[in-house]
1. Sort region A:86-153 into rounded, prolate or oblate with this rule: let a ≥ b ≥ c be the square roots of the eigenvalues of the Cα gyration tensor; rounded if a/c is under 1.5, and if a/c is not under 1.5, prolate when a/b is larger than b/c, oblate otherwise.
2. Quick one: which of A:184-194, B:77-87 comes out on top by average Cβ neighbours within 10 Å, and what's the full order, highest first?
3. Please average, across the residues of B:79-91, the number of beta carbons from any other chain that are within 10 Å of each residue's own beta carbon, and give a whole number.
4. Specify whether the C-alpha gyration tensor of region A:39-102 places it in the rounded, prolate or oblate class, a ≥ b ≥ c being the square roots of the eigenvalues: rounded for a/c under 1.5, otherwise prolate if a/b is larger than b/c and oblate if not.
5. Mind listing the label-point distances from A:Ala184 to the same position on all other copies, shortest first, one decimal in nm, points 7 Å along Cα→Cβ?
6. For A:His62 and B:Glu108, what does the FRET efficiency come to when R0 = 35 Å and r is the distance between their Cβ atoms, rounded to the nearest 0.05?
7. Given R₀ = 35 Å, what would the calculated FRET efficiency be for B:Thr218 paired with B:Arg55, taking r from the Cβ atoms and rounding to 0.05?
8. Quick one: buried accessible area between A and B, total over both chains, 1.4 angstrom probe, nearest 100 Å²?
Number of protein chains: 2
Amino acid sequence: MTDRRGTTSPAGANGRRRSLGAARGEPRAARQPLERPAPLREAVYDVIAEMIINRELQPGEHLVENELAAHLGVSRQPVREALQRLHNEGWVDLRPALGAFVHVPTEEEADQLLSTRTLLEAESARLAAKLATPEQIERLKELQSVGEQALSDDSQVALVAANAALHAHVVEMSGNKVLAQLIAMVDRRVRWYYSPIARTRGREAWDEHALLIEMIATGNSRRAGELMRRHTERTRESYHQRRKDGEEQDAAS
Amino acid sequence: MTDRRGTTSPAGANGRRRSLGAARGEPRAARQPLERPAPLREAVYDVIAEMIINRELQPGEHLVENELAAHLGVSRQPVREALQRLHNEGWVDLRPALGAFVHVPTEEEADQLLSTRTLLEAESARLAAKLATPEQIERLKELQSVGEQALSDDSQVALVAANAALHAHVVEMSGNKVLAQLIAMVDRRVRWYYSPIARTRGREAWDEHALLIEMIATGNSRRAGELMRRHTERTRESYHQRRKDGEEQDAAS
DNA sequence: GGGTGGGCTATAGCATACAGTCGGCGAGAT
DNA sequence: ATCTCGCCGACTGTATGCTATAGCCCACCC
């Protein structure tokens, strides 16, 4: 200890774990003085969450700390911390003395997530209609046209992104950060469950969006909330429908 | 340390924990429901959360890992993991390279938590009325009388506990685990904010409970939801009222 | 042949060690 | 006297080491 200047060998502990830096997209060559360290655990969290969402890690799969650490080029410590956080947010189950397993979604859970989301999103729309500023409404309309464009282009990826952006903006307009936090949590998991079965509802959904924006713009909070409720409710129905279709398809094949 | 399980075992490759296994295993069929070691991090989490709730740790206070670890007789590792979880649940802020600080509640945040709670609790009451079984309704009435008893005894502690138990049971009756999880999260923080300012509303609140239970028992979901909404809304109002009173008192003193 | 217990291996949980960074404080310069 | 710069202590972030446990395999017993 206290070997600050004198004995610090310059050769020790330098180029390591750079691969992760690249993985989380750090194209900068020059550094800014204000640049925060950005803890490794954050990067690890992002990577693992990503792998879970796009099914690189299957539900039920055992996540071995050593493997992940080796794979990512870091020690077990940041991996553990990332797993903790993933656990808190419902992505993985942590069985004492056994470790982390990718959470296995159940149909019941998906349904509860979807209906809870309906509740929260409807409230956010209601509040948004109450508090909307002209700039925010303008922004909403922009996002709507982005979605329309994606629809014309028939670009699923862009459509999903536009949809998320629009909903996120409504949530932000509600001004309720607690609500926003809960929606963010629920929403990500919804997307995870939902993704293998269905994509956006397309035309129909964006027509509903247009109407919703109209209500928000005119400050009709009651109808805005109601519309959003129905809107997300339909998404829920389409989830069940497509899941059923999927089963039938499975049975047929 | 070493006050947990007997940790002074010689690292011998042969003399493994035979004796302990036999002692714990006992004959057959006796136990082993799910006896798990219960990770240290859990215990640490509970202790720290408790300290935050009852103001042993003041808002804004810097939580130094070493101090906590020494105080609790464990290493920094479990402490760090507990802090992670506390961060995810909004109890502490984690500033990179600076460490953990007890979250400083703002009035805006308290209000948003209270109104979000209103939304969630109302929904849980609505669902509870829809799905209630006779046994659950019976249990509700029991809890109500426990509350009435506490009211007669003028026991604040018992009253708070009874109130929490009743609400928790309604939530459980809703059958929606996602909703329950969100409410649990929001509710604990509400209690934290609320506790220094106000206690339960007493008589009034329990009259409202009685009516609510009536609606749940008769399966009137619409009115049950509405009642719960008003019920928690009044709690919110009383929060603002008492906070204002407190300010005036502060100014006067 | 089937059940049972011992031992082995892999892995989580916890502890310790090390390195980098932040903020403060004081000595020296202006 | 005030400002600046470099040193220092403290603490976090990361890595590594150690130990106990869970689950499995196989040998052994019935």
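The values are calculated or read from the model by the stated rules, or taken from the named source; none is laboratory data. Remember, predicted model here, so these are calculated numbers, not experimental data. Here Cβ is always computed from backbone atoms with ideal geometry, including for glycine, and neighbour counts include all displayed protein chains. These area figures cover heavy atoms from the full protein model, side chains too; ligands, DNA and RNA do not enter into them. Shrake-Rupley method; radii C 1.70, N 1.55, O 1.52, S 1.80 Å.
1. On the way: a/c = 2.84, a/b = 2.17, b/c = 1.31.
Verdict is prolate for region A:86-153.
2. B:77-87, A:184-194
3. Numbers: counts 0, 5, 5, 1, 2, 9, 4, 1, 3, 6, 1, 2, 0.
Average per residue, whole number: 3.
4. It is rounded, given that a/c, with a ≥ b ≥ c, falls under 1.5.
5. Counterpart label points of A:Ala184 in the remaining copies fall at 2.2 nm.
6. Between A:His62 and B:Glu108 the formula returns 0.25.
7. Plugging the Cβ-Cβ distance into 1/(1 + (r/R0)^6) gives 0.25.
8. 2800 Å²
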